[in-house]
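Data first, discussion second: the structure below is written as structure tokens.
The values are calculated or read from the model by the stated rules, or taken from the named source; none is laboratory data. Remember, it's a predicted structure, so these values are computed and weren't measured experimentally. Reconstructed Cβ throughout: ideal geometry from the backbone, glycine too, with neighbour counts over all protein chains shown.
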């Protein structure tokens, strides 16, 4: 069985999800902040989303990590490289718990996840599907070097008014290193 690798960064640890992650992630997924992800979601739907992304490691060899702060072990949120059945491409996505925004944590975590993907997966590009108006996620994607790709295929059933695609390139990351 494949599980998420543990990836340390300067301030964080990306680690496999544990059951204790579900309740704080559901708090975000049940809140108005989830409007950028198609929510708010019920506890049942949150469970299915979190379990699917954690379980994707066994099925696909990639999935989501819990983000933990190294200094005190605080659980901050999740970052993941996922491709559920309705996604035409690998996608990197992220979510932080309330109170941890604005510290650069998600950019640091996403950069580590992308570095892992470029080394471990055959993909040379990965997308981020972002809801228009989610300015924080757009800013993160741009800080990571992603560029908007209006020609990219969208998740099944979505239209351009609902989803902006930002494309991350391995070559750009390699130039940065």
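Brief remarks on what is shown
The rows are residues; the columns are (1) touching a strand residue (DSSP E or B) at 6+ places or on another chain (Cβ under 6 Å); (2) modelled with pLDDT of 90 or more.
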position: 2; (1), (2): no, no
position: 6; (1), (2): yes, yes
position: 13; (1), (2): yes, yes
position: 33; (1), (2): no, no
position: 43; (1), (2): no, yes
position: 47; (1), (2): no, yes
position: 52; (1), (2): no, yes
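- The C-beta contact set for segment 86-109 (first residue at negative phi and in a strand (DSSP E or B), second residue modelled with pLDDT under 95 and surrounded by fewer than 19 Cβ atoms within 10 Å (Cβ to Cβ), distance under 8 angstrom, 6+ apart or interchain) comprises 95/37.
- Pairs linking a residue in segment 6-25 that is loosely packed, with under 15 Cβ neighbours inside 10 Å to a residue that is assigned to a strand (DSSP E or B), with Cβ atoms under 6 Å and 6 or more positions apart or on different chains, are 6/15.
- Options 160, 150; residue that is modelled with pLDDT of 95 or more and more than 14 Å from the chain's Cα centre (by Cα): 150
- A residue that is under 25 Å from residue 32 (Cβ atoms), in a helix (DSSP H, G or I), free of Cβ contacts under 8 Å to residues at least 40 places away in the same chain and within 11 Å of the chain's Cα centre (by Cα) cannot be found anywhere in segment 125-138.
- Leading residue by the ranking (farthest from residue 94 (Cα to Cα)) among those in segment 139-164 that are touching a helix residue (DSSP H, G or I) at 6+ places or on another chain (Cβ under 6 Å) and in a helix (DSSP H, G or I): 143
- The residues on offer are 71, 58, and the sole one that is part of a helix (DSSP H, G or I) and over 13 Å from the mean Cα position of the chain (by Cα) is 58.
- Residues in segment 26-38 that are touching a helix residue (DSSP H, G or I) at 6+ places or on another chain (Cβ under 8 Å) and within 18 Å of residue 164 (Cβ to Cβ) were compared, and the one that is surrounded by the most Cβ atoms within 10 Å (Cβ to Cβ) is 34.
Per-residue answers, yes or no, for (1) part of a helix (DSSP H, G or I); (2) more than 15 Å from the chain's Cα centre (by Cα); (3) within 22 Å of residue 123 (Cβ to Cβ):
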site	(1), (2), (3)
14	no, no, yes
22	yes, yes, no
48	yes, yes, no
66	no, no, no
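- When 83, 78 are checked against the criterion of being within 15 Å of the chain's Cα centre (by Cα) and within 19 Å of residue 105 (Cα to Cα), 78 stands alone in meeting it.
- Any hit, segment 66-75, residues being touching a helix residue (DSSP H, G or I) at 6+ places or on another chain (Cβ under 6 Å), farther than 16 Å from residue 5 by Cβ and in contact (Cβ under 8 Å) with a residue 60 or more places away in the chain: no
- The residue list 90, 97 contains one member that is at pLDDT below 95, closer than 25 Å to residue 52 by Cβ and buried (at least 17 other Cβ atoms within 10 Å of the Cβ), which is 97.
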